[in-house]
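Worksheet: one structure, shown below.
The values are calculated or read from the model by the stated rules, or taken from the named source; none is laboratory data. Remember, predicted model here, so these are calculated numbers, not experimental data. Here the Cβ positions follow ideal geometry from the backbone for every residue, glycine too, while neighbour counts run over all protein chains shown.
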């Protein structure tokens, strides 16, 4: 058969590609997960992630979370373990003896990927890859991989790509040796003598600039959407919480939506907004957001800022906590730390933030009673989004919180005041309407503080009577 035969060429390509296809296409990647336990003394080159040194989470809990993160993208975790690091090394994080010991474990498991649940410098990552001859992902890289797989909308993909490029730009030092070659070229491709690594860094920088411009347009579009929603007299409520706390399940239970809700980390990346009906007949707008996690990469916080502006603008923030998780206390601290980075003071705005203690169905009888007693002191609401326990109480508390700053007013309208009636329906929440005779109508309305002055100017302050609750 001639070598140029199309079928033969196709078979040759297939044979050549069998060993070069991405590992994920050949099957689940064999993975080893390592969770370093740093000693009190930290050497140079051992970066400390935000909040890690003060975390209440035990090393074992951190290891289990790292294994869960690996499972979130269907990696085949063959081995995992805690690795004591009394004196972090600038070059490899681990000591030379520990590097050799771990190399034996990696070879024994025939692993192609090692996850180090700790931030690594580019030099540390490169040296470990050379020593173990495997791909290395630190915690930030792993989270970026998960986000890259989960993003579905164009906005979500842009945000993930931005975070990934910012992360990648700082790590070009660990790329392949071809990046050290020099190349010539025309001015618009890089001047003579420009190295490949400089070219790649420049190209990444240009792509980052393009994405930031597109995300700025996303931010403006979201601002317009929020402005249009503000014209509808419904307050906004945002769900936040640690990843896998049950936010999407709660969102579905409260709104009747069908947002993806799975028992995996970061099931939700793209925000969803639905109407929420409250007991008194009023409505609110509820938004589901991306989950937080300890040591969330700052590049991701920056990239998802356009999305998380929904939280900043919310009238009420529901902090959903997995009350059945042993690490729920440290998860609460992690979420509050991310909220603080966004500009939300969780401790300083108690009326604006309501804790929702979810997964009550996973508690035993004694723990359930203890949690019920504790919610009274903490001002929280205990629920089970899976079974519906406590959802009526949660809706009532949401309505109560939202109404704290909204006045309930009664006003009588004349038949010829159609324009005023129209403004009220567009800008206020009409609770009741009653005909008074001779064309007169009595309205019982709830008005937001920012609309109160405008209503008084249109109707006259003397006509506005505060209604008894």
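Might you let me know whether the range 315-328 holds any residue that is touching a strand residue (DSSP E or B) at 6+ places or on another chain (Cβ under 9 Å), buried (at least 22 other Cβ atoms within 10 Å of the Cβ), at pLDDT below 90 and not assigned by TED's automatic domain parsing to the domain that holds residue 119? Checked against the condition, which is being touching a strand residue (DSSP E or B) at 6+ places or on another chain (Cβ under 9 Å), buried (at least 22 other Cβ atoms within 10 Å of the Cβ), at pLDDT below 90 and not assigned by TED's automatic domain parsing to the domain that holds residue 119, the range 315-328 yields no hits at all.
In the range 117-128 there is no residue that is outside any helix (DSSP H, G or I), in contact with a helix residue (DSSP H, G or I) (Cβ under 6 Å, 6 or more places away or on another chain), without any contact (Cβ under 8 Å) to a residue 24 or more places away in the chain and not assigned by TED's automatic domain parsing to the domain that holds residue 204. For the range 69-78, the condition holds for at least one residue, the condition being that it is modelled with pLDDT of 50 or more, within 17 Å of residue 143 (Cβ to Cβ) and exposed (fewer than 12 other Cβ atoms within 10 Å of the Cβ).
Does the range 414-433 include one or more residues that are outside the structural domain of residue 356 (by TED's automatic domain parsing), surrounded by fewer than 13 Cβ atoms within 10 Å (Cβ to Cβ), touching a residue at least 12 places away in the same chain (Cβ under 8 Å) and assigned to a helix (DSSP H, G or I)? Yes, some residue in the range 414-433 is outside the structural domain of residue 356 (by TED's automatic domain parsing), surrounded by fewer than 13 Cβ atoms within 10 Å (Cβ to Cβ), touching a residue at least 12 places away in the same chain (Cβ under 8 Å) and assigned to a helix (DSSP H, G or I). Checking each residue in the range 327-351 for being within 14 Å of residue 244 (Cβ to Cβ) and in contact with a helix residue (DSSP H, G or I) (Cβ under 7 Å, 6 or more places away or on another chain) picks out only 327. Can residue 84 be described as outside any helix (DSSP H, G or I), crowded, with 20+ Cβ neighbours inside 10 Å and either in contact with a strand residue (DSSP E or B) (Cβ under 7 Å, 6 or more places away or on another chain) or assigned by TED's automatic domain parsing to the domain that holds residue 34 (or both)? So residue 84 does not fit the description; no. Would it be correct to say that residue 38 is closer than 30 Å to residue 242 by Cα, in contact with a strand residue (DSSP E or B) (Cβ under 8 Å, 6 or more places away or on another chain) and at pLDDT 95 or above? For residue 38, the condition - closer than 30 Å to residue 242 by Cα, in contact with a strand residue (DSSP E or B) (Cβ under 8 Å, 6 or more places away or on another chain) and at pLDDT 95 or above - is not met.
Does the range 103-116 hold any residues that are touching a helix residue (DSSP H, G or I) at 6+ places or on another chain (Cβ under 7 Å) and either on the phi > 0 side of the Ramachandran plot or outside any loop (DSSP other than H, G, I, E, B) (or both), and which are they? Answer for the range 103-116, where residues must be touching a helix residue (DSSP H, G or I) at 6+ places or on another chain (Cβ under 7 Å) and either on the phi > 0 side of the Ramachandran plot or outside any loop (DSSP other than H, G, I, E, B) (or both): 103, 106, 114, 115.
Of all residues in the range 87-101, those that are touching a strand residue (DSSP E or B) at 6+ places or on another chain (Cβ under 7 Å) and not in a strand (DSSP E or B) total 4. Criterion applied to 372, 377 was being under 30 Å from residue 249 (Cβ atoms), touching a strand residue (DSSP E or B) at 6+ places or on another chain (Cβ under 8 Å) and in a helix (DSSP H, G or I), and the one residue passing it is 372. Looking at 160, 173, 134, just one residue is farther than 18 Å from residue 208 by Cα, at pLDDT 70 or above and in contact with a helix residue (DSSP H, G or I) (Cβ under 8 Å, 6 or more places away or on another chain), and that residue is 134.
One line per residue, one yes/no per condition, for (1) within 25 Å of residue 252 (Cβ to Cβ); (2) at pLDDT 90 or above:
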residue	(1), (2)
368	yes, yes
392	yes, yes
402	yes, no
428	no, no
439	no, no
446	no, no
450	no, no
460	no, no
